[in-house]
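These notes are about the structure you will find just below.
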Amino acid sequence: MSQITDHLTLIRPDDWHVHFRDGPMLDAVVPHTARQFGRAVVMPNLTPPVTHMAAARAYRDRILAAVPKGVIFDPLMTCYLTDDVNGDDLAAGFAQGVFAAAKLYPANATTNSAFGVRDLRNIHGALECMQAAGMPLLIHGEVTNPEVDIYDREAVYIETVLEPMVRDFPELRIVLEHITTRQGVDFVRDRHGAAPGRIGATITAHHLMINRSDMFRGGIRPHLYCLPIAKREAHRQALRKAAISGAGPFFLGTDSAPHGIAAKQSACGCAGVFSAPLAIQAYAQVFHEEDALHRLEEFASRNGPAFYGLAENTDTITLKRCSPHKLEPIPVGNPGPGQEMILPFLGEQGVSWCLE
Ligand code: NCD
Ligand code: ZN
C-alpha cells in the first residue's frame with residue numbers, strides 16, 4: 001500500500017458479503033461491485049433460495065453475464081441452509097469449489113429468510129460435515145423471538161446461540177456477518193485470540209457511519225433501515241475501532257442489499273442498504289476520519305483472503321481525495337413509466353474519496 005497525502009493505492013479489495021438479487025436488478029447492481037472489488041461472497045437469499053450446486057452454478061453464470069466487458073470479477077457462491085440440508089452435498093459443493101461457504105439465516109430473521117433454519121438441531125449433521133471439511137459457516141446472528149427487542153437481537157444471539165455453537169463445534173469456522181454491536185466485536189476478538197483463523201466478522205460501511213438515531217434524524221429515513229438494525233453510538237464506535245485496528249478477524253463486507261425505492265418508501269419498508277456504488281469510497285472516508293488510512297488495506301484487501309485461505313488480489317486500486325458529488329438513483333430494467341429505481345447509500349451527499 002502506498003499513500004501520498006491525498007492518494008491511496010491498495011491491493012484490490014474484496015466484498016465478503018453482498019446481495020445481487022436476480023434478473024434486471026442483478027444486471028443493474030453487479031457492475032457497481034465488479035468495478036471496485038476483485039471478488040465478492042454472494043448471498044443466496046433469492047426466491048427460491050440457492051440451496052444446491054446446480055442453482056449456484058447457474059446463478060454464478062448470470063452474475064458473470066452482468067459483469068461489464070473487460071472487468072475481471074470472481075463471484076464466490078454460498079449455499080442457503082435449510083432444515084433439510086444434506087451435509088454430504090454441502091461438503092461436496094465446497095470440495096468442488098462451487099460453494100465458498102454456507103449461510104445460516106435463522107428463519108424469518110430478515111429479507112427472504114422464510115426458508116431459513118427453524119431449529120439448529122436440524123442442521124447439526126450438516127455443521128459436523130462443514131466442520132470436518134473446513135467449510136466456513138456465515139451467520140446472520142439475530143434471534144427471531146419477537147419478545148426480544150430488535151436492538152438486542154444480536155447480543156442475545158451471541159449469548160444464547162453462538163456461545164453454545166462454538167462449544168459444540170470447536171473446529172467449525174464461522175463468520176459473524178455484519179456485526180453491529182460491541183458484543184459482536186468482543187466475541188470475535190476474544191475467540192480470535194484463542195484460535196486465530198477460526199472466527200471472523202464482516203463490518204459494513206453503513207454500520208461504521210450511522211447509528212440508530214440517524215434513522216430518525218428530522219424524520220423517518222427508510223433507506224437507512226437494514227438488518228441487523230443500526231445500534232447506539234457506543235456500538236458504532238466499537239465497530240470503528242475494530243475495523244481500523246487492522247486485526248485479522250475483521251474484514252470488509254458491505255451487505256449491499258438493493259430494494260427499489262417503492263419497496264423502501266412504503267408503509268412496511270424492506271430492510272437493506274444499497275451501498276455498492278460508493279462502497280470502498282465510504283470505507284476510505286471512515287478510515288480517513290479515524291486517521292487510519294494505513295490500515296484500510298488490511299481490512300479491505302488482506303484479512304478476508306487470509307480468513308478464507310485464498311490469495312490476495314494481484315492488482316491494485318487507487319483512491320483519491322475529491323470534493324463530494326451527488327450520485328443519482330440507479331435505474332433497474334427497461335426505461336418507461338414506473339421504472340424501478342434504487343437509491344445508493346450516500347448518493348445524496350457524496351463522499352470525499354473517489355476511485356481513480
Ligand atoms: C438483506 C436483504 O435485503 O437481502 N437485508 C438487510 O437489511 N441486510 C438481508 C440481510 O442480510 O439481512
Ligand atoms: Zn446480508
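The values are calculated or read from the model by the stated rules, or taken from the named source; none is laboratory data. Predicted model, so just to flag it, every value in this text is computed and none were measured. Quick reminder, even Gly has a Cβ in these numbers, built from the backbone with ideal geometry, and neighbours come from all protein chains shown.
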Practice item. Out of the residues in segment 329-346 that are touching a strand residue (DSSP E or B) at 6+ places or on another chain (Cβ under 9 Å) and in a loop (DSSP other than H, G, I, E, B), state the one that is farthest from Ala28 (Cα to Cα). Key: Phe345
Exercise for review: Answer with yes or no whether Ala271 is under 24 Å from His140 (Cβ atoms), surrounded by fewer than 19 Cβ atoms within 10 Å (Cβ to Cβ) and under 21 Å from the mean Cα position of the chain (by Cα).
Suggested key: yes
Check your understanding: What do you reckon, is Gly184 within 16 Å of ligand 1 (Cβ to nearest atom) and modelled with pLDDT under 95?
Key -> no
Check your understanding: Do any strands (runs of 3 or more DSSP E) lying entirely in segment 7-72 carry at least 1 residues that are in contact with a Ser or Thr (Cβ under 7 Å, 6 or more places away or on another chain) and more than 15 Å from ligand 2 (Cβ to nearest atom), and which ones are they?
Key -> 7-11
Exercise for review: Collect the residues in segment 151-196 that are among the aliphatic types (A, V, I, L, M), within 22 Å of Ala271 (Cα to Cα) and within 16 Å of ligand 2 (Cβ to nearest atom), keeping them in residue-number order.
Suggested key: Val175, Leu176, Ile179
Exercise for review: Pull up segment 87-118, narrow it to residues that are modelled with pLDDT of 95 or more and in a loop (DSSP other than H, G, I, E, B), then point me to the one that is nearest to ligand 1 (Cβ to nearest atom).
Suggested key: Tyr105
Check your understanding: What pairs come up if the first residue lies in segment 262-281 and is free of Cβ contacts under 8 Å to residues at least 40 places away in the same chain and within 18 Å of Ile330 (Cα to Cα), the second is acidic (Asp, Glu) and more than 12 Å from ligand 2 (Cβ to nearest atom), and their beta carbons are under 9 Å apart, counting only those six or more places apart or on different chains?
Key -> Ala263/Glu340
Study note, to complete from the structure: Residue set Gln349, Gln281; condition within 21 Å of His206 (Cβ to Cβ) and in a loop (DSSP other than H, G, I, E, B); output residue Gln349
Point to revise | Selection status of Ile317, under 23 Å from Leu76 (Cβ atoms), in contact (Cβ under 8 Å) with a residue 60 or more places away in the chain, over 18 Å from the mean Cα position of the chain (by Cα) and surrounded by 15 or more Cβ atoms within 10 Å (Cβ to Cβ) | key: yes
Exercise for review: Output the residue which, of all residues in segment 234-253 that are of a type in the set (Gly, Ala, Ser) and at pLDDT 95 or above, is farthest from the chain's Cα centre (by Cα).
Suggested key: Ala234
Review point. Got a sec? Which helices (runs of 4 or more DSSP H) wholly within segment 120-216 have at least 1 residues that are free of Cβ contacts under 8 Å to residues at least 60 places away in the same chain and surrounded by fewer than 24 Cβ atoms within 10 Å (Cβ to Cβ)?
Key: 124-133, 153-157, 163-168, 182-194
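Specify the residue that is nearest to Pro48 (Cα to Cα); the eligible residues are those in segment 5-35 that are of a type in the set (Asp, Glu) and within 16 Å of ligand 1 (Cβ to nearest atom).
Filtering segment 5-35 for residues of a type in the set (Asp, Glu) gives 6, 14-15, 22, 27.
Going one step further and asking which of them are within 16 Å of ligand 1 (Cβ to nearest atom), we end up with 15, 22.
Values: Asp15: 23, Asp22: 11 Å.
It comes out as Asp22.
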Review point. Would you call Ala279 farther than 21 Å from Ile174 by Cβ, within 16 Å of ligand 2 (Cβ to nearest atom) and surrounded by 20 or more Cβ atoms within 10 Å (Cβ to Cβ)?
Key: yes
